[in-house]
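Accompanying notes for the structure given below.
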Amino acid sequence: MDSPTPRPRWADVRAVVFDVGETLVDETRLWVEAAHEVGVTPLALMAVIGALTERDEPHHRVWQVVGVEPPTTPSEIRAEDLYPDALPTLGALRAAGYLVAVAGNQPARAEHQLRAAGVEADLVATSARWGVAKPSREFFARVVTDLGLPAADVLYVGDRLDNDVLPARAAGLRTAFVRRGPWGYVHARRPEAELADVRVDSLRELTALMLGVR
């Protein structure tokens, strides 16, 4: 008699919380426009960001490294910036009965921009409005407080180990690591990636795992 398949560690979650940049939002256009504004090529800017990512240095140091002042035009998330699997994933999980939230290190204006881009969630929050930012434990405490659930019932989905998976795990949340974007590809090669409860290459893959569909 075959032994039963063990349940995954994240099988009992009741809420799924998504990071913003490179989890729901493809930031390529934003970085390209920033490069043009400060007068450097997008290729040079992306290469420096990659080097900073590999060395675990803050990405905002990119302007110092290339020797320019930071751009002054406020970034704006648009519907075209959402990854193709972003809205279908949010919709499918909500339809399946999960609480769905979006919470990341973003300016407060991003909340309206995400809603305007078509994001429908039970909670949309930013570090600027909360006054706490990842990777602080206080950020993840605010996530579970606003959802009204125990930390172990919440799955946090992100593309970074340092800002998403490791601090969320330390705060008692379940974690999903998405291998996309600069941090995703770099961090996926690190042993700590194995600490995530689930590792996927897309949100479509996450949806299939959680809902048991192909």
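The values are calculated or read from the model by the stated rules, or taken from the named source; none is laboratory data. All figures in this text were calculated on a predicted structure; none of them were measured in a lab. Ideal geometry is used to build each Cβ from the backbone, glycine not excepted, and the neighbour counts take in all protein chains shown. With ligands, DNA and RNA removed, areas are computed over all heavy atoms of the protein, side chains included. Shrake-Rupley method; radii C 1.70, N 1.55, O 1.52, S 1.80 Å.
Points worth noting:
- For residue 175, residues with placed amide H under 5 Å, excluding near neighbours: 156, 197, 198
- Percent RCO, i.e. relative contact order, over the stretch 155-214, from Cα pairs under 8 Å lying at least 6 residues apart: 30 percent
- The chain shape via C-alpha gyration tensor axes, a/c threshold 1.5: prolate
- Rolling a 1.4 Å probe over the heavy atoms of the protein chains gives the chain an accessible area of 50 Å² per residue.
- Tensor-based shape of the stretch 98-155 (alpha-carbon gyration tensor, a/c under 1.5 rounded, otherwise prolate or oblate): oblate
- Cβ-based net charge around residue 27, under 14 Å, with every Lys or Arg adding one and every Asp or Glu removing one: -4
- Sparse packing (at most 16 other Cβ atoms within 10 Å of the Cβ) combined with a DSSP loop state is found for the following trypsin sites (Lys or Arg not before Pro) in the stretch 26-130: 55, 78.
- Fraction of accessible area attributable to carbon and sulfur, the stretch 24-87 (%, probe 1.4 Å): 58 percent
- For residue 124, the residues whose modelled amide H falls within less than 5 Å of its own, excluding neighbours fewer than 5 places apart on the same chain, are 102.
- Distance between the stretch 159-190 and the stretch 24-38 - C-alpha centres, whole angstrom: 22 Å
- Under the criterion of Cα pairs below 8 Å and six or more residues apart, the relative contact order for the chain equals 24 percent.
- Sparsely packed loop sites in the stretch 149-211 (the trypsin sites (Lys or Arg not before Pro) outside DSSP H, G, I, E and B with at most 14 other Cβ atoms within 10 Å) comprise 189.
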